[in-house]
1. If I model a spin label as a point 7 Å beyond the Cα along the Cα-Cβ vector, how far apart are those points for Phe165 and Ala288 in nm?
2. Given R₀ = 41 Å, what would the calculated FRET efficiency be for Ala339 paired with Glu266, taking r from the Cβ atoms and rounding to 0.05?
3. Please arrange Lys308, Lys10, Lys48 by how many other C-beta atoms lie within 10 Å of their C-beta, fewest to most.
4. Which peptide among 258-264, 248-254 comes first, and what is the full order, when sorted by highest mean count of other Cβ atoms within 10 Å?
5. Report the dimensions of the chain along its three principal axes from the alpha-carbon atoms, largest first, rounded to Å.
6. Give me the one-decimal nm value for the distance between modelled label points at Glu225 and Ala239, 7 Å along each residue's Cα-to-Cβ direction.
7. Using a basic spin-label model with each label point 7 Å from the Cα along Cα→Cβ, how many nm lie between Glu246 and His180?
8. Given the rule -39500 (n - 2.57) for each run of at least 4 DSSP H residues, summed and divided by the residues of the chain, what is its mean residue ellipticity at 222 nm, to the nearest 500 deg cm²/dmol?
Amino acid sequence: APPTPDAVAKSLHDVFGFNGFRGVQNQVVDRVLHGQSTLAIMPTGAGKSLTYQLPAVMLQGTCVVVSPLIALMHDQLRSARANGIRAATLTSADTDRGQTMDAFRAGELDLLYIAPERASQSHFRELLMSARIGLFAIDEAHCVSEWGHDFRPDYRLLRPLLDAFPQVPRLALTATADHHTRADILAQLGIPEDGMIIAGFDRPNIRYTIQPRDNAMRQIKAVVEDNPGPGIIYAPTRARVEQLAESLATATGRRVLPYHAGLPPEVRARNQAAFVASEDMVMVATVAFGMGIDKPDVRFVAHAGIPKSIEGYYQETGRAGRDGDPSVAVMFWGADDFARARQRLSEIEPHRLQSERQRLDSLAGLVETAACRRAVLLRHFGEQPAETCGNCDNCINPVGVVDVTDVARKLLSA
Ligand code: ADP
Ligand code: MG
């Protein structure tokens, strides 16, 4: 019989230290504990890991987790082990594979993380047959779809493996909510249509502001001065990152560090650790920064130029305010940003041109709108939001304050 709600609440508290579920976590966990295959679509930071980690400790047998990146697996592994969960990875990078396999067969693992390419290996299937499996979790499940932005052919090999264990429930997880991709995930992984759970994408505690850029340094300095808590500033290039970090440190007297892929790995690791531990630091970074970083009290995210897409904007701004406290997301855009992005379109392969152009147009739509930013964002993710949110620049200062003709002229000249 599935565990009682009391037993679930006890594990949630004792193993993870949480006093309650967030959003749809409860629904997802409940389905999984009842053996029902599920597709959970939850935004980044919503707490997808818990929806398989909690069943992993409660169910008989190991939860096998498919994850696309070894770096992500190791992050997960660390945090699972910190909670006392018996977890291991089985990847080409691991030297203790023999030990892991023994533990798995002996039923001593709650969680086993694997890369999708394992799925096609016959000896891996034999290994699974020799152990007891309680759940298959497929993380970043949009990788299974050619419609997704991140197609991984290896994910297509999962179906035959999953089908070899018809009694084991499947839990697919993703933050990508696009309509085609959803349907494709269900079909590719054999999950029933009524097994889909979609979480709200709204982040009501984030205040969205999008402004034309006139003097980037002055504008960003003002954001930094208005927001004493930890913050991230995204800049488009490594050179801009270095330059902004230096000028901001001088101009504001705050602790400001740079982060981009051109820095030595040990400097990057050090700066990241300092940021995570800090209560008032500012990180100036390229988009290389943020993936897998777990800092709940980021108070502001500023964009010194346009992000790549609405999805990118949502992801990057979503790093603010994970603790639910009021936070701000401020973007400064210039017509030249769009001009450069359009220029780059001419360099991409023809078969991707249409979707890339569409991405840019959607982003321009968000930037240009005089309507509620949140409504535009949420509609993009398939939701039907209220017309006004009361917590974005356009709702707080309805048109008239911004010089619309000036904005329009800048866009036209792009
Ligand atoms: P996702 O994979 O959806 O991006 P994660 O699983 O990495 O999100 O979780 C994001 C953060 O939320 C983690 O710090 C996690 O510990 C925290 N978290 C998850 N569930 C809860 C909960 N029920 N209560 C409080 N914090 C939670
Ligand atoms: Mg995750």
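Every number here is computed from the coordinates shown, using simple stated rules; none is lab data. Computed from a prediction, not measured in an experiment: that's the story for all the values here. FYI the Cβ positions are ideal-geometry reconstructions off the backbone, even for glycines, and counts take in every protein chain you see.
1. It is 3.7 nm.
2. It comes out at approximately 0.65.
3. Final ranking by Cβ density, sparse to dense: Lys10, Lys308, Lys48.
4. Descending mean neighbour count gives 258-264, 248-254.
5. 67, 44, 42
6. Taking the simple label geometry, Glu225 and Ala239 are separated by 2.8 nm.
7. A separation of 4.5 nm, rounded to one decimal place.
8. Mean residue ellipticity at 222 nm (helix-derived): -12500 deg cm²/dmol.
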